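The values are calculated or read from the model by the stated rules, or taken from the named source; none is laboratory data. Bear in mind the structure is a predicted one, so any value in this text is a computation, not a measurement. Positions of Cβ are generated from backbone atoms using ideal geometry, with glycine treated the same way; all protein chains shown enter the neighbour counts.
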Amino acid sequence: VGTVYFSNDQYLNLSAINPVFNMFASMEFQKKYEDEFRFYPDERRAQLMQGQYLVDDTATTAVLNTKRPNILVIFMESFGATMIERLGGAKGVAPNLDRLSRQGVFFSNLYASSFRTDRGTVCTFSGYPGLPTLSIMKVPRIANSMPNIAHSLAEAGYQTDFLYGGDINFTNMRGYLLAGGFQKLTSQDDFTMEERNYGKWGVPDNITFDRLFNMLKEREGSKQPWFTSFLTLSSHEPFEVPFSKFEDDHFNAFAYTDHCIGRFIERFSKTPQWANTLIVLLPDHGIPYPKQGERFAPHFFRIPMIWTGGAVAKPMVVDKIASQTDLAATLLAQLGIRHNDFEFSRNVLDASYTRPFAFYTFVNGFCYLDSTGVSVYDNVANRVFYNEQPSGNSQRVAKGKAILQTLYDRVGAINSGKYK
């Protein structure tokens, strides 16, 4: 449905939809999601959820030197901790990210909330945890009802746009982004056939980073703050890139993206906009490579988040357990913008963030990890199959089940029109 979206006005988008096609597409999503994962009676579920996402923003640590910086999110395809030497990953693959992590604000204990780009995009920009049996982005009625960082910033006067060198219609991405407040989208259709034919997945990162630099360069002198998000793609299978550093094709592809990031940062740091720009480096999800141990174990879902740029006041390390879903509340709180709509996103820089935990999902399973340990649960087999510190297992599993049940209650209510 979202392939015909062309405007930030949802009325115009809906007017462009073929009604017959829309009827059949809607029939696919008539499932009652609230009936899934009914682990507990509502009262017990509410008890287990109490306090898990409560942060009051009364004592936020300020890490920026301005309340209205330009903001660039470099959304890095699959760039999990296994590729970051500072997080125990492969050596020498990402020297630029390692360097930037020491120069800015480094969130060193962060976890992806899901395992695919379509899910990770919603987790990041809408602050909504990933679901094991549903991609929210693919269901327009639900996706269009989600809060979005872009929408919040647009209301605060920001110019918003999204750049991706691949197919932006894939998994209804176009519909989700436009409904979420991104005012302009740039995708592979905006590049020449020669640029697009460099790679099977889309335009390689060196070309899209050049486009990004030129886009930002054109805004010099503008008084309107901007929020730009850029999804890279070269660190994705088939891992074919115009670069040669490692014989291993996975390592080589990630090293290429890291090289492109380093080159872009070096160029952009010399522009007048650098002084008032916050750059957020964050992956969409991790990658189970090198293939060592259980693929749903936490070290494959651990991801870096780095805040850099001239708007960052000073280097620091945030080592509390957190989730990529926490970007929304943490970022908006720094700007003094309300984030009440992001009910599953927490401001991890606030003193009231005293119950740090991470929750992530995979194909019909979930993980809950906190200071007591780690529990990875299989929803089909109804058992824990990965456990660290067994003494706290039952409580971790109970909290994870309560979160999962709550998430499906919400999407079920949204899909049926009962929740707004």
Go over the candidates 145, 101 one by one and state the one that is surrounded by fewer than 22 Cβ atoms within 10 Å (Cβ to Cβ) and touching a Lys or Arg at 6+ places or on another chain (Cβ under 8 Å). 145
What are the residue pairs meeting all of these: first residue in region 64-82, first residue closer than 22 Å to residue 158 by Cβ, second residue of a type in the set (D, E, K, R) and assigned to a loop (DSSP other than H, G, I, E, B), Cβ atoms under 7 Å, and 6 or more apart or on different chains? 75/284
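May I ask you to list the residues in region 205-224 that are in contact with a Leu (Cβ under 8 Å, 6 or more places away or on another chain) and either over 14 Å from residue 166 (Cβ atoms) or buried (at least 21 other Cβ atoms within 10 Å of the Cβ) (or both)?
Just the residues of region 205-224 that are in contact with a Leu (Cβ under 8 Å, 6 or more places away or on another chain), to begin with: 205, 208, 211-212, 215-216.
Answer for region 205-224, where residues must be in contact with a Leu (Cβ under 8 Å, 6 or more places away or on another chain) and either over 14 Å from residue 166 (Cβ atoms) or buried (at least 21 other Cβ atoms within 10 Å of the Cβ) (or both): 205, 208, 212, 215, 216.
For residues in region 341-366 being of a type in the set (Ser, Thr, Tyr) and farther than 13 Å from residue 113 by Cα, which is surrounded by the fewest Cβ atoms within 10 Å (Cβ to Cβ)? Talk me through it step by step, then tell me what you get.
Pass one, region 341-366, residues of a type in the set (Ser, Thr, Tyr): 345, 352-354, 360-361.
Subsequent filtering for residues that are farther than 13 Å from residue 113 by Cα retains 352-354.
On the way: 352: 14, 353: 24, 354: 10.
Selected residue: 354.
Here are 58, 82: which of them is touching a Pro at 6+ places or on another chain (Cβ under 7 Å) and under 28 Å from residue 400 (Cα atoms)? It would help to see each step written out before you state the result.
Numbers: 58 fails: touching a Pro at 6+ places or on another chain (Cβ under 7 Å).
It is 82.
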Of the conditions (1) of a type in the set (Gly, Ala, Ser); (2) farther than 13 Å from residue 80 by Cα; (3) at pLDDT 95 or above, residue 286 clears all except one; give me its number. (2)
When residue 234 is run through (1) farther than 30 Å from residue 81 by Cβ; (2) buried (at least 19 other Cβ atoms within 10 Å of the Cβ); (3) of a type in the set (Ser, Thr, Tyr), the failure sits at (1)
Filtered residues of region 296-339 (kept if modelled with pLDDT of 95 or more, of a type in the set (Gly, Ala, Ser) and closer than 20 Å to residue 368 by Cβ): 322, 323, 329
(1) under 17 Å from the mean Cα position of the chain (by Cα); (2) under 24 Å from residue 158 (Cα atoms); (3) part of a loop (DSSP other than H, G, I, E, B); (4) assigned by TED's automatic domain parsing to the domain that holds residue 217: which one isn't true of residue 343, the others all being true? (4)
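Determine, yes or no, whether residue 148 is touching a Ser or Thr at 6+ places or on another chain (Cβ under 7 Å) and either outside the structural domain of residue 258 (by TED's automatic domain parsing) or polar (S, T, N, Q) (or both).
On the way: touching a Ser or Thr at 6+ places or on another chain (Cβ under 7 Å): yes; either outside the structural domain of residue 258 (by TED's automatic domain parsing) or polar (S, T, N, Q) (or both): yes.
So residue 148 passes the test.
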Just checking, which of 227, 239 is farther than 22 Å from residue 71 by Cβ, within 22 Å of the chain's Cα centre (by Cα) and hydrophobic (A, V, I, L, M, F, W, C)? 239
Looking across region 378-420 at residues that are more than 16 Å from residue 358 (Cα to Cα) and among the aliphatic types (A, V, I, L, M), the single one that is surrounded by the most Cβ atoms within 10 Å (Cβ to Cβ) is 411
Would you list the strands (runs of 3 or more DSSP E) that sit entirely within region 246-318 and hold 2 or more residues that are in contact with a Pro (Cβ under 8 Å, 6 or more places away or on another chain) and either within 26 Å of residue 227 (Cβ to Cβ) or of a type in the set (D, E, K, R) (or both)? 277-283, 302-308
